[in-house]
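Below is one structure; the comments refer to it alone.
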Amino acid sequence: MLLKQMKYFVTVVDCHSFTEAAELCFISQSAISQQIRLLEEELGVELLKREKRKFTLTPAGDYFYRHAISILDEIERVQSETKQIGEYDDAKLKIGILKNFGGHQLREGIAKFSETYPEVTLDIVNGTHEELYDLLRFGEADMVLNDHRRAFSDLYVNYHLVTSQCYVEISIKHELS
């Protein structure tokens, strides 16, 4: 199965039209029809029930469509992130940590991160709650590890990622946000 066949199928379903899908994919209507027939032959099942100039999804087609969207989204994400990593050869992450944070758990976390992402240089700064908040607000830190969270504000975005004894705040100016 070709990735293009999957894209063609999803486009046909999204457009509700072979003709419109062909135009979006920059191929002829007969070529897109042929590619979907080849996809159905390879899978050994009918994905579309064709009736005159209309079609409906078969149960297999509906299943394939839903999963194809997910797969195509994941491929797009991988392509985008790969490109982004390639563009940032000198990736740096400035992390603010409370002055009273430390110990083996922090050292192990940093070591594991550095092992997993050797291309990223970590710059760690210590501060009080207010100093770290200001570093984050003014773009002088990319992320802050904190033991309590700030009140909601229009100056930053709050995302609840996990529940923990520690909170991570990420600057809206950093690409991670």
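No value in this document is a laboratory result; all are computed from the given coordinates. Small disclaimer: the values here were computed from a predicted structure and weren't measured. A quick note on method: Cβ atoms are made from the backbone with ideal geometry, for glycine too, and the neighbour counts reach across all protein chains shown.
Run the reach check for Lys94 against lysines, Cα to Cα strictly under 29 Å, same-chain hits fewer than 8 apart removed. What comes back?
Lys83, Lys112, Lys173
Please sort by residue number the chymotrypsin sites (Phe, Trp or Tyr not before Pro) in the range 18-55 whose DSSP state is loop and whose Cβ has at most 14 other Cβ atoms within 10 Å.
Answer by residue number: Phe26.
Apply the Karplus curve 6.51 cos²θ - 1.76 cosθ + 1.60, θ = phi - 60°, to the phi angles in the range 58-65 and return the couplings in whole Hz, x for Gly and Pro.
Running phi through 6.51 cos²θ - 1.76 cosθ + 1.60 with θ = phi - 60° gives 7, x, 5, x, 4, 4, 4, 4 Hz.
Ranked from highest to lowest mean number of other Cβ atoms within 10 Å per residue, what is the order of the peptides 93-100, 75-82, 119-126?
Packing order, densest peptide first, comes out as 93-100, 119-126, 75-82.
State, as an integer percentage, the relative contact order of the range 1-69 based on alpha-carbon contacts under 8 Å between residues 6 or more apart.
Relative CO of the range 1-69 lands at 28 percent.
So who's got an amide H within less than 5 Å of the one on Ala91, skipping anything under 5 residues away but keeping other chains? H placed 1.01 Å off N, in plane.
Thr121
Counting only residues 5 or more places away or on other chains, whose amide H sits under 5 Å from the amide H of Ile124 once H atoms are built in the peptide plane?
Under 5 Å from the amide H of Ile124 lie the amide H atoms of Ile95, each far enough along the sequence or on another chain.
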